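We did not get these values from a lab; they are worked out from the coordinates using the rules stated. Every value quoted in this text rests on a predicted model; they were computed, and no experiment measured them. Don't worry about glycine lacking a Cβ; one is built from the backbone with ideal geometry, like all the others, and counts go over all protein chains shown.
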Amino acid sequence: MPNPLILIAGIAALVAPNADRDAVARIDRSFQEAVKRNDAEAMKKIMHPDFQLVLGDGRRFGREQLLDDARRGRFIYELQDEEPNTQSVLVWGDTAIVTAKLLLKGTSEGEPFQRALWFSDTYVRTDRGWLYLFGQASLPLPAGQQGSRLGQAQPTENPLAITFWPEGGF
């Protein structure tokens, strides 16, 4: 007869990765919602102190730059949402990577923008739980790959990503 403790340990080992994957997926959706609302305090709780974002054109931004943009309300979002059924989460030990297609529509300092892009967000497990350490966003997708919620309109010229800074930076 199998040892019940070994069976329980085996079941726990199978459940843990799913629990981590579900937790990171929830945290990442919460982060996207916080960005959409310009909720700098909620963003700060999720972001690792050493956070970095790299855009598809190679520009880099740190945690304080994103938080400052949120506090100033630099971007007003109508859409800042993951396209349904595109999110995937890979957990490997104390690291998790979220990938999804993001749909964006709004204004940046009064100028309209609209685009879709793919992103990968890297989370690390810390004493405070899962924290968002690194994000990378693709260049905007061509108009035909924008998704039905954005329609087939041409993307605007402003290359934007995650908090979606206009070209030229700050």
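All other residues whose Cβ lies under 10 angstrom from that of R74 are scored, Lys and Arg at +1 and Asp and Glu at -1, for a net of -1. When only alpha carbons of region 4-145 are considered, Rg and Dmax amount to 16.7, 63 Å. For K45, a cut-off of 15 angstrom between C-alpha atoms picks up these aspartates and glutamates, skipping any fewer than 8 places away in its own chain: D28, E33, E64, D68, D127. Other residues with beta-carbon under 13 Å from the beta-carbon of T122 carry, at +1 per Lys or Arg and -1 per Asp or Glu, a net charge of -3.
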